[in-house]
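> So that we are looking at the same thing, I have put the structure below in structure tokens.
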Amino acid sequence: MTDLKNDRFLRALLKQPVDVTPVWMMRQAGRYLPEYRASRAKAGDFMSLCKNAEFACEVTMQPLDRFPQLDAAILFSDILTIPDAMGQGLYFETGEGPRFKKVVSTLADIEALPIPDPQKDLGYVMNAVSTIRKELNGRVPLIGFSGSPWTLATYMVEGGSSKDFRKTKAMLYDTPQAMHLLLDKLAQSVTSYLNGQILAGAQAVQIFDTWGGNLSSAAYQEFSLAYMRKIVSGLIREHEGRKVPVILFTKNGGLWLESIADAGADALGLDWTCDLGEARRRVGNKVALQGNMDPTVLYANPEAIRTEVKRILASYGNGSGHVFNLGHGITPEVKPEHAGAFISAVHEFSGQYHQ
Ligand code: CP3
């Protein structure tokens with residue numbers, strides 16, 4: 001394994017000094033890039049991109065080739081690979097997002113769910129990780145990821161995306177023990193899946209809790225954060241002689257930053273509704289912060305984008321412990337040049353905060 005040529009992303013996650021603030025974008029490989037759309041057309045569909053290591057590697061590299069200032073690569077895959085490996089039958093209907101052939105509705109359905117083996121059942125993801133690591137050749141670190149148990153449960157119980165999580169919330173309040181069994185199985189699955197990614201070469205991991213912010217404070221603690229804490233305590237935290245930082249991203253979790261900061265992770269991902277400076281004061285020295293420009297700022301002109309980057313850098317202030325990112329994934333309608341303006345602005349304007 002080669003040494004890293006650019007490790008400022010890993011250093012910032014551990015609050016070690018850096019020359020400029022590192023930057024990457026959630027969903028940086030995706031439909032806003034014409035080269036991604038061409039690869040997807042060649043592969044046939046989205047899941048074929050994920051299941052073929054060469055394709056997954058090709059699309060992971062596309063944003064790095066276009067924007068050489070990116071400080072991290074993220075594995076090209078999806079959070080729904082775990083429910084698929086549990087036998088739910090994932091498919092994508094164009095324009096409608098993810099769907100499952102089987103839906104989880106009863107305690108018996110939950111009891112029947114297997115815990116996937118990362119090598120046997122998700123070997124295609126492990127192959128993608130090792131193929132991308134080889135191709136990166138130490139250029140930047142590779143991020144592995146998974147969904148949080150709660151977020152995965154919403155897709156499994158609803159059978160796809162949902163606006164109000166009606167079935168999942170009904171299950172939570174009607175039969176909390178059944179929900180706990182599902183979340184516990186998912187936490188075991190996520191732990192071994194992320195450890196598999198780390199052993200295959202992922203140098204940091206992020207847990208996407210996209211729908212945790214939709215819970216009441218009490219339910220968030222019991223049904224989302226508790227399981228993320230359990231996962232974090234089971235992860236491999238050092239590999240190849242380096243720390244493997246863990247990032248927890250609860251979208252709309254701004255109310256609970258203090259308790260999320262106590263879950264044992266190295267960094268918290270923030271959406272754009274929190275003020276970064278205030279978040280820094282609230283979490284103190286416990287964790288680094290990642291975020292948090294509103295992704296819709298990328299619809300505005302490059303000058304407006306640069307102004308917003310400067311405002312966010314100033315809000316964090318001096319010193320390490322900040323990884324610049326969007327507050328959620330980049331959307332398909334963004335012009336690639338606008339993403340480029342965002343990425344360059346972070347390095348251009350952040351040096352003054354690291355003297
Ligand atoms: O960040 C990256 O570049 C890595 C790739 C990545 C994808 N999905 C690729 C993808 C990551 C990290 C994800 C995570 C993911 N997937 C989340 C959590 C992050 C978030 O956005 O909150 C969720 C909730 C999913 C589930 C999912 N996958 C949905 C709801 C959809 C359809 C909606 C959409 O954006 O189209 C997907 C499909 C998907 N995953 C695409 C990509 C690039 C689009 C598929 C296509 O090419 O048509």
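The values are calculated or read from the model by the stated rules, or taken from the named source; none is laboratory data. Worth saying up front: this structure is predicted, and the values here are computed from it rather than measured. A quick note on method: Cβ atoms are made from the backbone with ideal geometry, for glycine too, and the neighbour counts reach across all protein chains shown.
> Count, please, the residues in segment 201-229 that happen to be at positive phi and crowded, with 24+ Cβ neighbours inside 10 Å.
0
> I'd like the full set of residues that are within 16 Å of the ligand (Cβ to nearest atom), touching a residue at least 40 places away in the same chain (Cβ under 8 Å), out of contact with any Pro (no Cβ under 7 Å at 6 or more places or on another chain) and polar (S, T, N, Q), limited to segment 287-340.
Scanning segment 287-340 gives Gln290, Asn325.
> Please pick out the residue among Ile236, Ile247 that is in contact (Cβ under 8 Å) with a residue 40 or more places away in the chain, assigned to a strand (DSSP E or B) and closer than 26 Å to Thr131 by Cα.
Ile247
> Inside segment 119-202, counting only helices (runs of 4 or more DSSP H) that do not spill past its ends, which hold 1 or more residues that are of a type in the set (A, V, I, L, M, F, W, C) and without any contact (Cβ under 8 Å) to a residue 60 or more places away in the chain? Quick ask: steps written out before the conclusion?
Numbers: elements: 123-136, 149-158, 166-174, 176-200.
Filter on segment 119-202 gives 149-158, 166-174, 176-200.
> Moving to a separate point now. Considering only segment 207-217, I want to know if a residue exists there that is under 17 Å from Asp262 (Cα atoms), more than 16 Å from the ligand (Cβ to nearest atom) and either at pLDDT 95 or above or in contact with a Phe, Trp or Tyr (Cβ under 8 Å, 6 or more places away or on another chain) (or both).
Within segment 207-217 (the criterion being under 17 Å from Asp262 (Cα atoms), more than 16 Å from the ligand (Cβ to nearest atom) and either at pLDDT 95 or above or in contact with a Phe, Trp or Tyr (Cβ under 8 Å, 6 or more places away or on another chain) (or both)), the answer is yes, since at least one residue qualifies.
> While we're here: How many residues are basic (Lys, Arg) and either in contact with a Lys or Arg (Cβ under 9 Å, 6 or more places away or on another chain) or within 15 Å of the ligand (Cβ to nearest atom) (or both) if we restrict to segment 85-128?
Number of matching residues: 1.
> For segment 250-265, how many residues meet the condition of being farther than 20 Å from Lys15 by Cβ and not in a helix (DSSP H, G or I)?
4
> Being more than 10 Å from the ligand (Cβ to nearest atom), of a type outside the set (Phe, Trp, Tyr), without any contact (Cβ under 8 Å) to a residue 24 or more places away in the chain and touching a helix residue (DSSP H, G or I) at 6+ places or on another chain (Cβ under 9 Å) is the filter here, so list the residues in segment 5-57 that pass it.
Correct list: Lys42, Ser48.
> Consider segment 24-64. How many of its residues are assigned to a helix (DSSP H, G or I), modelled with pLDDT of 95 or more and of a type in the set (Phe, Trp, Tyr)?
Summing the residues that are assigned to a helix (DSSP H, G or I), modelled with pLDDT of 95 or more and of a type in the set (Phe, Trp, Tyr) in segment 24-64 gives 2.
> Output the residues belonging to segment 69-84 that are near the ligand (Cβ under 10 Å from one of its atoms) and either assigned to a loop (DSSP other than H, G, I, E, B) or of a type in the set (A, V, I, L, M) (or both).
Ala73, Ile74, Leu75, Phe76, Ser77, Asp78, Ile79, Leu80
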